[in-house]
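Before any comments, here is the structure.
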Amino acid sequence: MNPMAKRVSRFGTTIFTEMTALANEYQAVNLGQGVPDFPTPPFLRQAAANAIEAGINQYAPGNGRSRLRTALADKMARVYGLSVDPDKEIIVMQGATEAIFATIMGLIDPGDEVIVLEPCYDSYVPSIIMAGGIPRYYTLRPPDWAIKRERLATLFTPRTRLILLNTPHNPTGKLFGHEELTIVAELCQQHDVIAVVDEVYEHIVFDGRSHLPLATLPGMANRTVTISSLGKTFNATGWKVGWAIAAPEITQAIFRAHQFITFCGAAPLQEAAAAALSVADEYYTELREMYQRKRDMLVQILTDAGIRPFTPQGTYFIMADISQFGFADDISFCRYLTTEIGVAAIPPGSFYHNPADGAHFARFAFCKTDAALEEAAKRLQKLPH
Ligand SMILES: Cc1ncc(COP(=O)(O)O)c(C=O)c1O
């Protein structure tokens, strides 16, 4: 008997599982998965412990604890000048991953088309497929990973319901600016399409740049679902506290799906997340400065090792060109790097619908201690170049 449904049988397991196992087996410095290897801030851990001790241990409301929704609305107003109704326009979910899934399940019908900018976070396409949707791909190309109007425009059809994008962008490190987001905004309005924007790296941006939410562009507040989460900003990826922010009628549609996926997330962690979002803005400044320093450090390390990095504008990832090493593809390079050099990276082919588009790249994460980055530097010197 083959117990597996056709719906999931084409997905396979994620490349993270394989590369993490290989990194552990070879005791490689793991610059693969985007999991910080330094501790979650003490004030956040304490806030979670306090919430549990205070007896916040039963189901949260389906749309999230009110203190967190209020803190989110305050933050959106303070940081981005966006006015959000905490009762009608926010749903707290189990991480951005659930928010993406519930949004797609709530907004598309089988046969509807969803434009996806690739390479992309690996849950997007399976979420579309599980909802019966048809992904239409816009492939971002180096060195600038730009959105070009003519190329994007050809993907819009009468069946297009959503466009799904991510900024700052994993894995390329691209931060979409005003000009490129204006292209998306205009095409969405022209074709009556909703934009779903994954902004989980919103606070990790470099060189004095700022993240620009698509929802702030003219005409977009009512046709954008803004998704983010606590994990990257507060170094708490295991908490899986995320949210979707959208106009009331869109929020209601997402809620219909969310109520039967998880119904609600972990109540004490939502309470602690509210405390996190009330931190002073210096927290965000320090976070940016720390990651800017680590970015500069890893760009230098890779360059010294003969790997050609595309310097990221945001996120804690670096895409690098590995074509000069002459490997058949990204997977064979990353296996070699892990087993022979002792440094793990992610082969990004699985972030494309055609893995060959990622065959010349490797993705390195710098959400790591300086000691780990220094050790990686030492080991990478063994790379022939
Ligand atoms: C672009 C992107 N979106 C979403 C997520 C997952 O977010 P969460 O842990 O809140 O589900 C990740 C994690 O790597 C990511 O890189």
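The values are calculated or read from the model by the stated rules, or taken from the named source; none is laboratory data. Computed from a prediction, not measured in an experiment: that's the story for all the values here. Here Cβ is always computed from backbone atoms with ideal geometry, including for glycine, and neighbour counts include all displayed protein chains. For the accessible areas, the whole protein counts, side chains as well, though only heavy atoms, and no ligand, DNA or RNA atoms are used. Shrake-Rupley method; radii C 1.70, N 1.55, O 1.52, S 1.80 Å.
Would you point out which residue out of G238, G242 is assigned to a helix (DSSP H, G or I), within 13 Å of the ligand (Cβ to nearest atom) and among the small types (G, A, S)?
Every option except G238 fails the conditions.
Scanning the stretch 223-233 for any residue that is within 16 Å of I108 (Cβ to Cβ), in a helix (DSSP H, G or I), away from the ligand (no atom under 15 Å from the Cβ) and over 14 Å from the mean Cα position of the chain (by Cα) turns up at least one such residue.
Among residues of the stretch 245-263 being away from the ligand (no atom under 16 Å from the Cβ) and in a loop (DSSP other than H, G, I, E, B), the one that is surrounded by the fewest Cβ atoms within 10 Å (Cβ to Cβ) is F260. For the stretch 166-196, enumerate the residues that are within 13 Å of the ligand (Cβ to nearest atom) and part of a strand (DSSP E or B). Correct list: N166, V196.
Within the stretch 282-296, the set of residues being under 14 Å from D370 (Cα atoms) and either outside any helix (DSSP H, G or I) or open to solvent by less than 100 Å² (accessible area, probe 1.4 Å) (or both) comprises M290, Y291, Q292, K294, R295, D296. Residues considered: D122, D74, D112. Of these, the only one that is touching a residue at least 12 places away in the same chain (Cβ under 8 Å), more than 28 Å from G349 (Cα to Cα), out of contact with any Asp or Glu (no Cβ under 6 Å at 6 or more places or on another chain) and among the acidic types (D, E) is D74. One residue stands out in the stretch 83-110 among those that are of a type in the set (V, I, T) and within 16 Å of the ligand (Cβ to nearest atom): the one that is most open to solvent (accessible area, probe 1.4 Å), namely T97. Of all residues in the stretch 326-347, exactly one satisfies the criterion of being out of contact with any helix residue (DSSP H, G or I) (no Cβ under 7 Å at 6 or more places or on another chain) and surrounded by 24 or more Cβ atoms within 10 Å (Cβ to Cβ), namely L337. Of the residues making up the stretch 27-79, those that are under 21 Å from the mean Cα position of the chain (by Cα), away from the ligand (no atom under 16 Å from the Cβ) and open to solvent by 40 Å² or more (accessible area, probe 1.4 Å) number 3.
There is no residue in the stretch 197-214 that is part of a strand (DSSP E or B) and farther than 25 Å from T311 by Cα. Within the stretch 111-128, the set of residues being open to solvent by less than 30 Å² (accessible area, probe 1.4 Å) and either more than 16 Å from the ligand (Cβ to nearest atom) or farther than 22 Å from F255 by Cα (or both) comprises G111, D112, E113, I115, V116, L117, E118, P119, C120.
Inspect all residues belonging to the stretch 113-129 and state whether any of them is at positive phi and in the same structural domain as H258 (by TED's automatic domain parsing).
No, because not a single residue in the stretch 113-129 is at positive phi and in the same structural domain as H258 (by TED's automatic domain parsing).
Residues in the stretch 362-385 that are without any contact (Cβ under 8 Å) to a residue 60 or more places away in the chain and touching a strand residue (DSSP E or B) at 6+ places or on another chain (Cβ under 7 Å): how many? The total comes to 1.
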